[in-house]
Amino acid sequence: MNKNSSNIMALAPNTSNKRETVCIFGTGDFGRALGHKMIHSGYPVVYGSRSPQISNLIPKDAEVLGHAEAAQKAAIIIIAIQRQHYNFLIPLAEVLRGKVLVDISNNLKLNQYPESNAEHLAQLLPGSKVVKAFNTVSAWALQSGTLDASRQVFVCGDDVEAKQMVMNIVRALGLTPLDKGSLLAAQEIENYPLQLFPMWKFPMFLSLGLTAFFFFYCLALDVIYTYIYEKNNFSFFIAITIPNRVCPVMALILLALVYLPGIFAAIIQLYRGTKYRRFPDWLDKWMLCRKQLGLIALAFASLHVVFTLVTPMRAFVSWRTSKGIIAQALNNKTEPLNNTNAWLSDSYLALGILGYFLFVLLGITSLPSVSNNVNWREFRFVQSKLGYLALILCTAHTLVYGGKWFLSPSAYKWYLPNIYILSLIVPCAVLVVKFVLIFPCVDKPLTQIRQGWERNPKYSE
């Protein structure tokens, strides 16, 4: 196959039925799982072990030999051992000269050593071609076949040919190789599996902080205030009532925070007159975690739906309903239907249902399995156009329900506004500024800037 057939190689890395033998040093969990997967993909596998006798744990179609003898049978050797045991490879330096060594090791903590494990291996065996790969795939995923969440394999190395050989194996195993460049990228690749939801930290801390604030805010106004001034014990509100107020407020605010960085980005680009200057770091990080903010907002909205559905089963609601019926019976008077309240109630529910439907649609299209099947314009239409429509509906839903408290003096306990009033500040600000940005006199120059036009071309250098 000539050098110009790289595209064909990407689609069919090995067109022949016979695959090259692969050697694996290490018979631990990952070494056995990877060998089993390779055998199923048509690769002859030989294990290099200190104890060459056959073990029941080794795949039955694999061969087990001593390290030196096993290394002589293959051009690619997978090093499935920990870094602290690399020294046993030094006496095998001549046998391993010219071989492709695939380092799959991980560490126990971030930046545990000054250099990456792969770089350390390359220093120990300078005559070998070291490639970093497979460290982001778990042994359990290889054994069970559930690779949907870990199908991508990062690959890096200084030798292009050796790296291509490893990437061909990755493709043959049904995985997706991602070339990360030279061996200098190995430190980043080794740190990747140790990071616990790196893009979720800011959204989670922000959500927990806001949830705690609004919970204690409602606790002060709905439980403590009523107990002090009205002598009513509403402590049971902590279980259902307060969470059912906090959840919709959090959902609305977080949804607004998904679109607020886009507003800031547009204002900054209009002010600068160019798109070729980086945004501030805080805005970059904020924009990168918008998906996570949106999914957390959807979770709060779903909790609000569940809490609302169980509300009729509450003892407090049954007592309040019975009390109203008995009061009408004792007074021998039936309260007439208030058409205004009926319209407000139905409008509030309709807006909530439509807003939640779009909310769920936004969440579904953010899933990789769905977003990969739509083009860029379709994805942008759903996430931007329908996203703003969802924000409008959810804001209107809150405004119809809680708008009555704006002008009610009794709603300002301890001179503090109701929680629903607070929840409308951020979304209303986002919608007002967005409404200004879609004016032709503003939208036209903004579109030109995003298409490459600059007010001052010096920033493009």
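A compact table of results
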{"item": "Lone qualifier among Val374, Val426, Val382 - being free of Cβ contacts under 8 Å to residues at least 12 places away in the same chain, within 28 Å of the chain's Cα centre (by Cα) and open to solvent by less than 80 Å² (accessible area, probe 1.4 Å)", "result": "Val374"}
{"item": "Unmet requirement for Ala220, which otherwise passes all of (1) under 26 Å from His120 (Cβ atoms); (2) among the small types (Gly, Ala, Ser); (3) touching a residue at least 40 places away in the same chain (Cβ under 8 Å)", "result": "(1)"}
{"item": "Lone qualifier among Ile39, Ile78 - being closer than 25 Å to Arg171 by Cα, out of contact with any helix residue (DSSP H, G or I) (no Cβ under 7 Å at 6 or more places or on another chain) and either among the β-branched types (Val, Ile, Thr) or modelled with pLDDT under 90 (or both)", "result": "Ile39"}
{"item": "Qualifying residue in the range 156-178 (condition: over 30 Å from Ala301 (Cα atoms), buried (at least 16 other Cβ atoms within 10 Å of the Cβ) and touching a Phe, Trp or Tyr at 6+ places or on another chain (Cβ under 7 Å))", "result": "no"}
{"item": "Close pairs (7 angstrom Cβ cut-off, 6 or more residues apart or separate chains): farther than 25 Å from Gly403 by Cβ in the range 314-341, part of a helix (DSSP H, G or I) anywhere", "result": "Thr334/Gln328"}
{"item": "Wholly enclosed helices (runs of 4 or more DSSP H) of the range 174-252 bearing at least 1 residues of a type in the set (Gly, Ala, Ser) and not assigned by the TED database to the domain that holds Val360", "result": "186-191"}
{"item": "Filtered residues of the range 183-215 (kept if over 14 Å from Lys291 (Cα atoms), of a type in the set (D, E, K, R) and surrounded by fewer than 17 Cβ atoms within 10 Å (Cβ to Cβ))", "result": "Glu188"}
{"item": "Out of Leu393, Leu361, sole residue that is in contact (Cβ under 8 Å) with a residue 12 or more places away in the chain, open to solvent by less than 70 Å² (accessible area, probe 1.4 Å), more than 19 Å from Leu422 (Cα to Cα) and of a type outside the set (S, T, N, Q)", "result": "Leu361"}
{"item": "Residues being more than 22 Å from the chain's Cα centre (by Cα) and among the aromatic types (Phe, Trp, Tyr) - total across the range 244-270", "result": "1"}
{"item": "Members of the range 271-289 found to be open to solvent by 80 Å² or more (accessible area, probe 1.4 Å) and outside any loop (DSSP other than H, G, I, E, B), listed by number", "result": "Tyr271, Asp281, Trp282, Lys285, Leu288"}
{"item": "Test: residue in the range 29-37 that is closer than 25 Å to Glu119 by Cα and touching a Pro at 6+ places or on another chain (Cβ under 8 Å)", "result": "yes"}
{"item": "Asn456 surrounded by 12 or more Cβ atoms within 10 Å (Cβ to Cβ) and modelled with pLDDT under 90", "result": "no"}
{"item": "Subset of the range 105-131 (residues that are touching a residue at least 60 places away in the same chain (Cβ under 8 Å), buried (at least 18 other Cβ atoms within 10 Å of the Cβ), of a type outside the set (D, E, K, R) and more than 20 Å from Phe30 (Cα to Cα))", "result": "Ala122"}
{"item": "Selected residue [over 23 Å from Arg50 (Cβ atoms) and open to solvent by less than 30 Å² (accessible area, probe 1.4 Å)] from Val64, Val153, Val102", "result": "Val153"}
{"item": "Of all residues in the range 396-414 being hydroxyl-bearing (Ser, Thr, Tyr) and modelled with pLDDT under 80, the one that is surrounded by the fewest Cβ atoms within 10 Å (Cβ to Cβ)", "result": "Ser410"}
{"item": "Number of the condition not met by Thr334 [criteria: (1) out of contact with any helix residue (DSSP H, G or I) (no Cβ under 7 Å at 6 or more places or on another chain); (2) modelled with pLDDT under 90]", "result": "(1)"}
{"item": "Top-ranked residue in the range 307-333 [being within 21 Å of Cys247 (Cβ to Cβ) and among the polar types (S, T, N, Q); ranked as least open to solvent (accessible area, probe 1.4 Å)]", "result": "Thr311"}
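The values are calculated or read from the model by the stated rules, or taken from the named source; none is laboratory data. These numbers were taken from a predicted model, which means no experiment stands behind them. FYI the Cβ positions are ideal-geometry reconstructions off the backbone, even for glycines, and counts take in every protein chain you see. Ligands, DNA and RNA are stripped out before the accessible areas are found, and what is left, the full protein with its side chains, is counted by its heavy atoms. Shrake-Rupley method; radii C 1.70, N 1.55, O 1.52, S 1.80 Å.
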